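Structure first, commentary second.
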Amino acid sequence: MVNRYAPWRYILLLLIIVIGAVYAAPNLYGEDPALQISHRVNLIDDAELGNISSLLKNEGVDYRSVELDGNNILVRFDSEEKQLRGADQVREALFANDRRYSIALNLAPATPDWLTSLSALPMYLGLDLRGGVHFLMEVDMESAIEKSLERFSSEMRTFMREEKIRYKAVQAASDKISIRFASAETRDNGRLLLEEEFRDFEFADSNDDRGWFVNISFNPISLAEERRAAIEQNISTLKNRVNELGVAEPVIQRQGEERVVVQLPGVQDTVRAKEILGATATLEFRLVHGSFADWSAAGSSGKAPIGSRLYARSDGSPVLLKRNVIVTGDQIVGAASGLDQQSGTPDVTITMNSSGADRMARVTRDNIGKPMAVVFIEDKFEFREVDGERKRIRSTESQVINVATIQDQLSKRFHITGLDSTREARDLALLLRAGALRAPMVIVEERTVGPSLGQENIDRGFLSVIVGFIAVLLFMAFYYKVFGLVANLALALNLVLMVAILSIFQATLTLPGIAGIVLTVGMAVDANVLIFERIREELRLGNTPQASIYSGYSKAFGTIADANITTFIAAIVLFGFGTGPIQGFAVTLMIGIASSMFTAIFGTRALINLIYGSKQVSRLAI
């Protein structure tokens, strides 16, 4: 009896080894400290790359290389010290000519071009290995519902005017909209039409000495939908903001009903990241109400006339604006900071979506010669002691940053001025470009992992893999002789394939993921131990070496499959019900199980057949 594999099986094994080696190789090259330079309006092309290269040389910036990376320019440095020093030089030189450049500190893979051309990229390293910042952010759902009700109240006003429904007032509170009517008859007629138009609400009647009311609130289904939409839009906005920061492989995921986890590996400017992620700035465009005398009177009394609201300008002076909003920040699709050509002061160029542009065009066309204001709105949070308990208090700051007379019909693209500094203009443009948060968010937990601690985790994790790997190698070689050496080769191939698969799928490796690899190193030889012990048992029963090899592999397969399948199911459960770190462990465990099954059964059998398969042997070195 002989044990042989068909040539195509050896070709397949060799092909898998080569592919695994190629796609695992990028992880050997590490990362370079780098600057990511982008422009907020213009596309970066070869000509722009040449201009930046010339500027870097003229400024004496000590860099290693400069290259085009998509729509960004990537400047690589030899050390983080040179990176930080170069960032200041580049920022000062670029901003002297054009404030619309964006510069982010980053770590860029040092993978050779020939590997990159094959789409061979290194694994991403998680926060605990690479360093960076971790935020746990909570969505203010009360504010989200309140803003939704305020938006619907404006729609209801418009609807009632179009339907000739006579009403006294519409007021949006935190949990309902109250519409006041002059009589029960007009209330009942208005309610019938409102119920037909706004089907996502519950309606209830009430009355007091002021009039007859219809109280409108979300029904349970629509309330749940509003809460879900609020957190999903916030997650989308956070992703856009993170992209502006130039972070590779961020983790942004929902946790529970009202919280979002944000992990930014490799971020070095954590203060800047916190400012951008936590900011809730947005804009509203409103028509101005009354004259300067009306503003002064309202500022003195603190009361605004019906149909208007009292605001403060940047210098503290009062101004009255109409309640109806023309457009809001969530209708802005583009924004870029710059300098106003006439006054030389910072400005922001706004680009609206189609609905916002139509609304702006219609309102400005009908109000040429009248003043319009831009309101900057920001929600802030602080913790205070209330009745012996530490509570989070939200406050909303609204400031009129610009009042200008409408000279002509505005449409999709226009400028706003009145900003205090170029930094304020840049930040506002970034936030508007990334999108407005549906509801304010507060950072309830913040952790920063330094690059040195991340490197220490990498070193210790790598050491644990090496120690476990060498210990298994020595035991297998000593106990199973030639068969043990074959198992060791399969174990090395298993590690290469695991790293290659993680790199191909661009998975994020974390410290629990390294634990999964270490566990897999120990588990990977279990299959070989079962096979080799079965072969030894067949030899003791008096079977020939060739028959023992055949029986060992065939009879041990059922036990190996059962053990690995049950472990694989456990890993699936961990991935399905676990959070980030546990999921990282589960992913590496599943990949390790699959690759170890392949190398332990197919790989070792191919080598054993190559060594013993075509020979007449009297004994096996096992």
Looking only at residues in the range 146-172 that are closer than 26 Å to E226 by Cα and among the aromatic types (F, W, Y), which one is nearest to the chain's Cα centre (by Cα)?
F152
Number of the exception - I368 against (1) at pLDDT 80 or above; (2) of a type outside the set (D, E, K, R); (3) crowded, with 16+ Cβ neighbours inside 10 Å
(3)
Does the range 285-324 hold any residues that are surrounded by 18 or more Cβ atoms within 10 Å (Cβ to Cβ) and touching a residue at least 40 places away in the same chain (Cβ under 8 Å), and which are they?
F285, R286, L287, V288, Y311, V319, L321
Per the filter on the range 265-297, residues modelled with pLDDT of 80 or more and not in a loop (DSSP other than H, G, I, E, B) are E284, F285, R286, L287, V288, F292, A293, D294, W295, S296, A297
Any residue in the range 361-372 that's of a type outside the set (D, E): show its pairings with residues that are crowded, with 16+ Cβ neighbours inside 10 Å and part of a helix (DSSP H, G or I) at Cβ separation under 8 Å, as long as the two are six or more apart or on different chains.
M372/T364
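Working carefully through the options D140, D113, D209, D175, find the one that is surrounded by fewer than 19 Cβ atoms within 10 Å (Cβ to Cβ), over 30 Å from R76 (Cβ atoms) and under 36 Å from the mean Cα position of the chain (by Cα). Explain how you work it out, then say what you get.
Working: D140 fails: surrounded by fewer than 19 Cβ atoms within 10 Å (Cβ to Cβ); D113 fails: over 30 Å from R76 (Cβ atoms); D209 fails: under 36 Å from the mean Cα position of the chain (by Cα).
That would be D175, the only listed residue that is surrounded by fewer than 19 Cβ atoms within 10 Å (Cβ to Cβ), over 30 Å from R76 (Cβ atoms) and under 36 Å from the mean Cα position of the chain (by Cα).
Residue-wise test of (1) at pLDDT below 85; (2) outside any helix (DSSP H, G or I); (3) at positive phi; (4) not aliphatic (A, V, I, L, M).
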| position | (1), (2), (3), (4) |
| --- | --- |
| P581 | yes, no, no, yes |
| G592 | no, no, no, yes |
| A600 | yes, no, no, no |
| G603 | no, no, no, yes |
| A606 | no, no, no, no |
| V617 | yes, yes, no, no |
| I622 | yes, yes, no, no |
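Being part of a strand (DSSP E or B) and within 17 Å of Q409 (Cβ to Cβ) is the filter here; which residues of the range 346-360 pass it? Explain how you work it out, then say what you get.
Taking the range 346-360 as the starting set, the residues that turn out to be part of a strand (DSSP E or B) are 346-352.
Answer for the range 346-360, where residues must be part of a strand (DSSP E or B) and within 17 Å of Q409 (Cβ to Cβ): I350, T351, M352.
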Among the residues of the range 187-214, write down those that are under 16 Å from R166 (Cα atoms) and either in contact (Cβ under 8 Å) with a residue 24 or more places away in the chain or not assigned by TED's automatic domain parsing to the domain that holds S153 (or both).
R187, N189, G190, L193, L194, R210, G211, W212, F213, V214
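In the range 422-457, which residues are of a type in the set (A, V, I, L, M), within 27 Å of R254 (Cα to Cα) and either modelled with pLDDT under 65 or part of a helix (DSSP H, G or I) (or both)? Before the answer, list the steps.
First pass over the range 422-457, keeping only residues of a type in the set (A, V, I, L, M): 425, 428-432, 434, 436-437, 439, 441-444, 449, 453.
If we keep only those that are within 27 Å of R254 (Cα to Cα) as well, we get 428-432, 434, 436-437, 439, 441-444, 449, 453.
Residues satisfying the conditions are L428, A429, L430, L431, L432, A434, A436, L453.
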If A586 passes every condition in (1) more than 23 Å from Q255 (Cα to Cα); (2) of a type in the set (G, A, S); (3) in a helix (DSSP H, G or I) but one, which one does it miss?
(1)
Candidates S148, S222 - the one that is touching a residue at least 60 places away in the same chain (Cβ under 8 Å), hydroxyl-bearing (S, T, Y) and under 30 Å from E257 (Cβ atoms):
S148
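Kindly evaluate D69 against the criterion of being among the charged types (D, E, K, R), closer than 25 Å to T116 by Cβ and surrounded by 11 or more Cβ atoms within 10 Å (Cβ to Cβ).
Details: among the charged types (D, E, K, R): yes; closer than 25 Å to T116 by Cβ: yes; surrounded by 11 or more Cβ atoms within 10 Å (Cβ to Cβ): yes.
Against the criterion (among the charged types (D, E, K, R), closer than 25 Å to T116 by Cβ and surrounded by 11 or more Cβ atoms within 10 Å (Cβ to Cβ)), D69 qualifies.
Please work out if A336 is in a loop (DSSP other than H, G, I, E, B) and either buried (at least 20 other Cβ atoms within 10 Å of the Cβ) or modelled with pLDDT of 75 or more (or both). Give the steps one after another, and end with the answer.
Numbers: in a loop (DSSP other than H, G, I, E, B): no; either buried (at least 20 other Cβ atoms within 10 Å of the Cβ) or modelled with pLDDT of 75 or more (or both): yes.
When the stated conditions are applied, A336 does not pass them.
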Would you point out the residue of the range 477-495, among those that are surrounded by fewer than 21 Cβ atoms within 10 Å (Cβ to Cβ) and in contact with a Gly (Cβ under 9 Å, 6 or more places away or on another chain), that is nearest to I17 (Cα to Cα)?
L489
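The values are calculated or read from the model by the stated rules, or taken from the named source; none is laboratory data. These numbers were taken from a predicted model, which means no experiment stands behind them. Glycine gets a Cβ as well: all are built from the backbone with ideal geometry, and neighbour counts include every protein chain shown.
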